[in-house]
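The next block holds one structure in the form of structure tokens; read it before the comments.
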Amino acid sequence: MRALPDEERALPEHVLVDPTATEIWIEPWPDPVTDELGHDPKSPYVERFWLGILGPSATWLLRSVSYGFDVAPNGFALAPIETARVLGIGDRTGKHSPLQRALGRLCTFDLAYRRGDTLVVRARVPWLEPRQVQRLSANLVAEHRLWEDAELQNSAVHATRRRAATLALSTARTGGSSSDVVRVLSRSGVDRDATHELTTWALTQLGLSNRTPREAKAG
């Protein structure tokens, strides 16, 4: 069976916005941990490391939204056709348009999600997870390690908290329950208050805030 070209592949309905809309309302995604530890979408980190994960159209769309938040921190209306033209991806509309695919990639990589007719987008971008780092070229993997080392030297507390957040998210994503995440963080030396906060944050990010240990194993 031949592989379908991008324009023929259907996107999951939960990441689609109305392709006929003349405006899409954009709101920031509040996330205390990522807002504290993450990166500005316009930063060199995103350009160096997220670009190869997201692709150019989604990366530039994320940057464009970030500029919008600089002017309107609480949200703004995005004009799809005008935005597509500014990004240089054409003004074609519809479910399979380049802009829809860029929006879909933001949602696929947990940088945005649809809430009704609103698109909620992260104002700060998290550090790549270890599995994402391994998708980079060997040179970029080494460069990313240098970035992490520099972060550790600049702020040991900041870097330790970021690593704990990544560990909590990875544990929850691989099927861990809240008790599993707590146990992993505790064994890693994370204090009780931070463990509770990061466990709640990780499960909420994945929509698993009410997941029990039995449900986690079944999932």
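For the range 23-134, state the semi-axes of the equivalent ellipsoid (square roots of 5 times the eigenvalues of the alpha-carbon gyration tensor), sorted largest first and rounded to whole angstrom.
The three semi-axes for the range 23-134 are 21, 17, 13 Å.
How would H96, H39, H144, H196 line up by accessible area, probe 1.4 Å, largest first?
The ordering from most to least exposed comes out as H196, H96, H39, H144.
Using only alpha carbon positions, build the gyration tensor of the range 94-202, then give the equivalent ellipsoid semi-axes as the square roots of 5 times its eigenvalues, largest first, whole angstrom.
28, 20, 13
Among residues other than W127 whose Cβ falls under 15 Å from its Cβ, what is the net charge (Lys/Arg +1, Asp/Glu -1)?
-1
Just to verify a number: FRET efficiency for E47 and R173, C-beta to C-beta distance, R0 = 35 Å, to 0.05?
E(calc), rounded to 0.05, equals 0.85.
In what order, largest first, do V120, V71 sit by accessible area if the probe radius is 1.4 Å?
Largest to smallest exposure gives the sequence V71, V120.
Using a 1.4 Å probe, what is the accessible area per residue for the range 86-203, in Å²?
53
Could you check the simple spin-label distance between H196 and E36, using points 7 Å along Cα→Cβ, in nm with one decimal?
1.4
Heavy atoms only, 1.4 Å probe, whole protein assembly: order Y45, Y113, Y67 by accessible area, highest first.
Solvent-accessible surface, decreasing: Y67, Y113, Y45.
I'd like the accessible area for I81: 1.4 Å probe, protein heavy atoms, all chains in place, Å² to the nearest 10.
The value for I81 is about 70 Å².
What is the distance, in nm, between label points placed 7 Å from the Cα along the Cα-to-Cβ direction at N139 and at E82?
Each label point lies 7 Å from its Cα, and together they span 3.9 nm.
What accessible surface, in Å², does a 1.4 Å probe find on D149, ignoring ligands, DNA and RNA and rounding to the nearest 10?
Using a 1.4 Å probe on the heavy atoms, I get roughly 70 Å².
Considering only protein heavy atoms and a 1.4 Å probe, what is the carbon-and-sulfur percentage of the accessible area of the range 61-116?
52
The values are calculated or read from the model by the stated rules, or taken from the named source; none is laboratory data. Model, not experiment: these values are computed from the prediction. Heads up, the Cβs are rebuilt from the backbone with ideal geometry, glycines too, and the neighbour counts pull from every protein chain shown. What goes into the accessible areas is simple: the full protein's heavy atoms, side chains included, and nothing from ligands, DNA or RNA. Shrake-Rupley method; radii C 1.70, N 1.55, O 1.52, S 1.80 Å.
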